[in-house]
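Notes to accompany the following structure.
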Amino acid sequence: MANQPKNYKKFVATAATATLVASAIVPVASAASFSDIEGNTHADAIKALSDAGIIKGYEDGTFKPNAEINRGQTVKLLGRWLETKGYKVPENWNTVQRFNDLPVNAADQELVKYAALVKDAGVFNGSNGNLNYNQPMQRQQMALVLVRAIKTVEGLDLVQEYKAAGYTSKIKDLDKAYSTENVEAITALEYAKITVLEDNIFNPTNAITRGQFASFLNRTINYEAPVKELKVSSITAVNAKQFNLTFNQKIDKSTVIESNDTLVDGIITGKLAGGGNLDLNNATASLSEDGKTLTLTAKAGEVF
């Protein structure tokens, strides 16, 4: 499935360097109305998610922002978000059971549908094969699924990012989290400023409220990764007709290669060692599986 992230990478490469320019898609929000959110700290996030069709609230017109959100409700919100990003509910959602405690013929068919979506997307794995959909969602569990969701939707591993940056958490109660994976997820949200704490207390085992989760999810959806300069790490000649450009990070194939496997016009320019411009108009291009190496091949009868 091709789900395009918010940051689109475009570049012009010379023999030594390249520059990355990113743009963001900014969603337009309209006012959403629940009878019990006026003046609530999380009202703006609740309204934004309601306008996006991710939050629905209750039939009586309330949202109950201070009530605990359970794991089943969390699954539904995550599933609706994935749908807005182009993910599809698996065709076998109502024939293949994903969790031991949620049969495909369960009364809540919406939950069955979205449980299949988030499970298959690697966002929500459950516990010992169970969804435990009626149990409150703990804050450490929330951190874990949001970090997974960012990795799924944006292709960005926040845990890897904070470790590479040498980031050290300021949160004082990480020792209360149940696992290293949870500690890393909590730290990753702190690094990305999706977690905003005044006292550096996260309360990993506490249940999260519906309003709090709305704010966390809204910040996750609108998270913009810091733009990194894209550089050519190496240029390697395979032979007279082919050479490889290796970059310091993954690039977006659609911004570099046309549907006919030629380069996007003007996307790469350079100088020949003997003088003159490098003509790549007739070259074909392919991108490695990891998205970091671009292979250029001269047209039949031509050499570089």
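Here is how the numbers come out for the structure above:
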read-out	value
Unique match (being assigned to a loop (DSSP other than H, G, I, E, B) and either out of contact with any Pro (no Cβ under 9 Å at 6 or more places or on another chain) or not hydroxyl-bearing (Ser, Thr, Tyr) (or both)) among Glu181, Glu224	Glu224
Single unsatisfied condition, Leu217 versus (1) modelled with pLDDT of 90 or more; (2) more than 24 Å from the chain's Cα centre (by Cα)	(2)
One residue from Asp173, Asp157 being touching a residue at least 12 places away in the same chain (Cβ under 8 Å) and surrounded by fewer than 21 Cβ atoms within 10 Å (Cβ to Cβ)	Asp173
Test: residue in the range 151-161 that is touching a helix residue (DSSP H, G or I) at 6+ places or on another chain (Cβ under 9 Å), closer than 21 Å to Arg219 by Cβ and assigned to a loop (DSSP other than H, G, I, E, B)	yes
Boolean, Pro65 is closer than 30 Å to Lys176 by Cβ and touching a His at 6+ places or on another chain (Cβ under 9 Å)	yes
Within the range 234-259, tally of residues that are farther than 10 Å from Ala285 by Cβ and modelled with pLDDT under 85	11
Residue within the range 270-291 that is under 30 Å from Val183 (Cα atoms), at pLDDT 80 or above and crowded, with 17+ Cβ neighbours inside 10 Å present	no
Pairs with Cβ under 7 Å, 6+ apart, first in the range 203-220 and over 13 Å from Ala48 (Cβ atoms), second acidic (Asp, Glu)	Asn203/Asp173; Pro204/Asp173; Ala207/Glu68; Thr209/Glu68
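The values are calculated or read from the model by the stated rules, or taken from the named source; none is laboratory data. Since this is a predicted model, take the numbers as computed values, not measurements. Methodologically, a virtual Cβ is constructed for each residue, glycine included, from the backbone with ideal geometry; neighbour enumeration extends over all protein chains shown.
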